[in-house]
Amino acid sequence: MSPCATKAVKRPAGYKPYKAAQAELVGYGEQLFKDTSLSSNGMSCASCHQDGAMFTASFAEPYPHRVEMAADQFGMSQIHLDEMIQVCMVAPMAAEPLPWDSRKLAALTAYTQSLQAGFTPTASKANPCAAKNPCAAKSPR
């Protein structure tokens with residue numbers, strides 16, 4: 001990825017996330033998780049992460065932590081959950097990152113945190129997105 005793409009997915013200086021009731025954000029985030037209009041290629045977050053697919057064992061760890069996709073494609077050795085959502089927006093969803101102070105980013109972060117709370121690492125599941133995402137197909141495993 002270009003340095004500009006990496007900069008776009010990193011938290012900006014003075015970052016202040018959108019604030020709202022947690023339950024409202026989680027509910028809206030669940031809707032957005034399935035929304036293909038967020039991407040430019042017809043994918044949604046659920047395209048890769050339906051039923052816990054493609055969350056690696058590190059997803060159970062508190063953020064920030066290392067995520068292979070962010071390290072391999074963006075050179076980020078540690079990543080916050082909201083940054084990881086931005087990484088997914090850029091690749092594999094082939095979209096612009098969400099505005100950092102947006103309700104959408106806050107909602108997707110809240111919903112993904114709710115998934116993380118109930119996540120138990122299991123054996124790796126097949127990558128349902130590799131065929132659609134040339135970056136994922138090229139990533140070393």
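The values are calculated or read from the model by the stated rules, or taken from the named source; none is laboratory data. Here the structure is a predicted model, which is why all the values come from computation and not from measurement. Because the Cβ atoms are built from the backbone with ideal geometry, glycine has one as well, and the counts that use them run over all protein chains shown. Heads up: the accessible areas ignore ligands, DNA and RNA and are worked out on the full protein's heavy atoms, side chains in. Shrake-Rupley method; radii C 1.70, N 1.55, O 1.52, S 1.80 Å.
At 1.4 Å probe radius, can you tell me the per residue accessible area of the chain in Å²? Each step should come with its number before you reach the end.
Details: 7610 Å² over 141 residues.
That works out to 54 Å² per residue.
For LYS16, the aspartates and glutamates whose Cα comes closer than 17 Å to its Cα, not counting residues fewer than 8 places off in the same chain, are ASP82, GLU83, ASP101. Under conditions of 10 °C and 1.306 mPa s, the range 21-74 yields 123 µm² s⁻¹ as its translational diffusion coefficient, taking Rh as the Kirkwood radius over Cα pairs in the Stokes-Einstein equation. Projected label points at ALA117 and LYS19, each 7 Å from Cα along the beta carbon direction, are separated by 2.0 nanometres.
Excluding ILE79 itself, calculate the net charge of residues whose Cβ lies under 10 Å from the Cβ of ILE79, where each Lys or Arg counts +1 and each Asp or Glu counts -1. Mind showing how you got there, number by number?
Working: positive: LYS10, ARG11, ARG66; negative: ASP82, GLU83.
With Lys, Arg at +1 and Asp, Glu at -1, the neighbours total +1.
The residues neighbouring LEU32, those whose beta-carbon lies less than 11 Å from its own, together hold a net charge of +1 under the Lys/Arg +1, Asp/Glu -1 convention. Whole-Hz Karplus values for the range 92-99 come out as x, 7, 6, 10, 6, x, 6, x Hz, taken residue by residue from phi with 6.51 cos²θ - 1.76 cosθ + 1.60 and θ = phi - 60°; glycine and proline positions read x.
Placing unit charges on the Cβ atoms of the charged side chains and taking the dipole of the chain about its Cα centre, the candidate lying farthest along the positive direction among HIS80, GLY29, VAL90 is VAL90. Close amide H pairs (under 5 Å, H built 1.01 Å from N) link ILE79 with HIS65, ARG66, VAL67, residues at least 5 positions away or on another chain.
Per the Debye formula with a single identical scatterer at each Cα and no solvent contribution, what log10 I(q)/I(0) holds for the chain at q = 0.11, 0.20 Å⁻¹? Log10 I(q)/I(0), no solvent term: -0.36, -1.41.
Any aspartates and glutamates with Cα under 13 Å of the LYS34 Cα? List them, leaving off those in the same chain fewer than 8 positions away. Within reach: ASP51. Calculated [222 nm] ellipticity per residue, helices only, for the chain: -12000 deg cm²/dmol; basis is -39500 (n - 2.57) per DSSP H run with n ≥ 4, divided by all residues, nearest 500.
Highest mean first, what order results for 49-62, 89-102 on Cβ atoms within 10 Å? Don't skip to the end; give the middle numbers.
Values: 49-62: 14.1, 89-102: 17.7.
Packing order, densest peptide first, comes out as 89-102, 49-62.
Expressed as a whole percent, the accessible surface of the chain that belongs to carbon and sulfur atoms is 56, based on a 1.4 Å probe.
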